[in-house]
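Single-structure report; data block below.
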Amino acid sequence: FIKFSKIMKITANNPNRKSWLDVNKNSDFPIQNIPFGVFLTRDDITTIGTRIGDYAIDLAALHQLGYFEGIPLTDDIFMQDTLNDFITDGRMTWRLVRNRIADIFDETNPKLRDQEKHRDTVIFEMDQIEMLLPVQIGDYTDFYSSKDHAMNVGSMFRDPENALFPNWLHLPVGYHGRASSIVVSGTKVRRPVGQTMPPGAESPAFGPSKLLDFEVEMAFITTDANKLGKSIPLTDARDYIFGMVLMNDWSARDLQKWEYVPLGPFLGKSFATTVSPWIVTLDALEPFKAKGPDQEPAPLPYLKEEGETSYDIQIETFIKPKKEEETLVSVTNFKNLYWSISQQLAHQTVNGCNVRTGDLYGSGTISGKDKKSFGSMLELTWAGKNPVKMNDGTERKFIQNGDTVIMRGFCQNNEIRLGFGECRGKVKKAHAPEKNS
Ligand code: MN
């Protein structure tokens, strides 16, 4: 079926297509996007859906009404709490379903457009529904694939002359993270407590993290791919990637600094990771393929990749202090990443590690060359030395209680703009000390 998916056209991407649903020209969700998500309807029913403009579309209801006739789908494929079963169906099914949705909502197609009863069952306004975590995430990997980020952190904490470790240019460095604390956009994040070693102290302190940070990342989600012991060749990797989301990999820098030697990130990362609710498929991102940075020295053959291996996705990050307006603090781009998603997946599996449906792979903090493109407060303030000014006159070295961190990502060419919506999380104060002991 993989070969079939390579020749089957992505008709959903036709840039000239218009929907009979209203779509604002700055919307992240034109008819060319057709992302997948899971939501709770006004009748308290959980369903799989897509989004066009500010409308959420119940795919289970569409399926029940026969609109997916001719596509091999089980009856309950969209009547699920997660997208896992649909993702397991594979790339050909994703493409057939996306193409069909584009047809159903095309302005020239009267079938659903002129059928009021069906429309009322299938279409919801976004403010009538609640978005849920779209997949059940089994395993979570976080890479470290931005060279500018690795250089910044390396020069800050070690030595500007040797900022990159010797392995960095030869493999996509990563670690296995915690899947249970990945939450959907909108979920409040509690400031973690833990051990830190304050500068100059002789023994560790215990209490709320004082250096709470965000990390601007994107993540991809896989389908069942390889059996344990087999690897996925780089050239096949994208057939097993369903799509991408925005991700805020919340980080407690003071906990992290004390705990990370010698085995890497642990509790400073595992208290929360926020993802955006709509998974934008690789098919939808196809028109936005872009060249990544040149790779020098050339990677080993199993990691060698040529051409447009990245995507042009601009990501903007805002901090919104309690009751105040948002301040834009960072503008970066996914194409800044040194290692591509195919290289990451090929590397993840080269040792025979099996990947499964719903696994999530974070890119690592996405920073660029200029200061405004840094993807964390750690870098933007250079470890707190240069605070960031907010529009309300206050300053931030790190994230304060009551602050909301919002990431928005989108792609734009001469013909269309599509995006990921928001990845948003508000920070709540840490639990009172008596609850911590
Ligand atoms: Mn990270």
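The set of residues in the range 33-52 that are crowded, with 24+ Cβ neighbours inside 10 Å and assigned to a loop (DSSP other than H, G, I, E, B) comprises 33, 34, 35. For the range 231-254, the criterion of being touching a Pro at 6+ places or on another chain (Cβ under 6 Å), within 16 Å of the ligand (Cβ to nearest atom) and either assigned to a strand (DSSP E or B) or not basic (Lys, Arg) (or both) is satisfied by at least one residue.
Restricting attention to the range 354-378, and to residues there that are assigned to a helix (DSSP H, G or I) and crowded, with 23+ Cβ neighbours inside 10 Å, which single residue is farthest from the chain's Cα centre (by Cα)? Residue satisfying both the conditions and the ranking: 378. Among the residues of the range 293-346, those identified as open to solvent by less than 50 Å² (accessible area, probe 1.4 Å) and either among the aromatic types (Phe, Trp, Tyr) or without any contact (Cβ under 8 Å) to a residue 12 or more places away in the chain (or both) are 311, 318, 334, 338, 339. In the set (1) assigned to a loop (DSSP other than H, G, I, E, B); (2) out of contact with any strand residue (DSSP E or B) (no Cβ under 8 Å at 6 or more places or on another chain); (3) surrounded by 19 or more Cβ atoms within 10 Å (Cβ to Cβ); (4) not small (Gly, Ala, Ser), the condition left unmet by residue 99 is number (1). Tell me, yes or no, whether the range 193-213 has at least one residue that is within 25 Å of residue 358 (Cβ to Cβ) and within 16 Å of the ligand (Cβ to nearest atom). Among the residues of the range 193-213, not one is within 25 Å of residue 358 (Cβ to Cβ) and within 16 Å of the ligand (Cβ to nearest atom), which makes the answer no.
Restricting attention to the range 215-230, the residues that are within 12 Å of the ligand (Cβ to nearest atom) and open to solvent by 20 Å² or more (accessible area, probe 1.4 Å) total 0.
Of all residues in the range 255-271, exactly one satisfies the criterion of being outside any loop (DSSP other than H, G, I, E, B) and within 11 Å of the ligand (Cβ to nearest atom), namely 256. Kindly evaluate residue 124 against the criterion of being open to solvent by 70 Å² or more (accessible area, probe 1.4 Å), part of a strand (DSSP E or B) and touching a strand residue (DSSP E or B) at 6+ places or on another chain (Cβ under 8 Å). No: the conditions fail for residue 124. Take residue 153 and decide whether it is aliphatic (A, V, I, L, M), outside any helix (DSSP H, G or I), closer than 30 Å to residue 344 by Cα and open to solvent by less than 40 Å² (accessible area, probe 1.4 Å). No, not satisfied. Of the numbered criteria (1) surrounded by fewer than 22 Cβ atoms within 10 Å (Cβ to Cβ); (2) under 19 Å from residue 28 (Cα atoms), the one residue 423 fails is (1). Comparison of 381, 394 shows that the only residue that is among the β-branched types (Val, Ile, Thr) and either within 21 Å of residue 140 (Cα to Cα) or open to solvent by 10 Å² or more (accessible area, probe 1.4 Å) (or both) is 394. Taking the conditions (1) under 21 Å from the mean Cα position of the chain (by Cα); (2) surrounded by 15 or more Cβ atoms within 10 Å (Cβ to Cβ) in turn, residue 26 satisfies each one other than (2). Among the residues of the range 32-48, those identified as without any contact (Cβ under 8 Å) to a residue 24 or more places away in the chain and at negative phi are 43, 45.
The values are calculated or read from the model by the stated rules, or taken from the named source; none is laboratory data. In this text the structure is predicted, and so the values were computed from the model without any measurement. Positions of Cβ are backbone-derived with ideal geometry, glycine not excepted, and every protein chain shown enters the neighbour counts. Ligands, DNA and RNA are stripped out before the accessible areas are found, and what is left, the full protein with its side chains, is counted by its heavy atoms. Shrake-Rupley method; radii C 1.70, N 1.55, O 1.52, S 1.80 Å.
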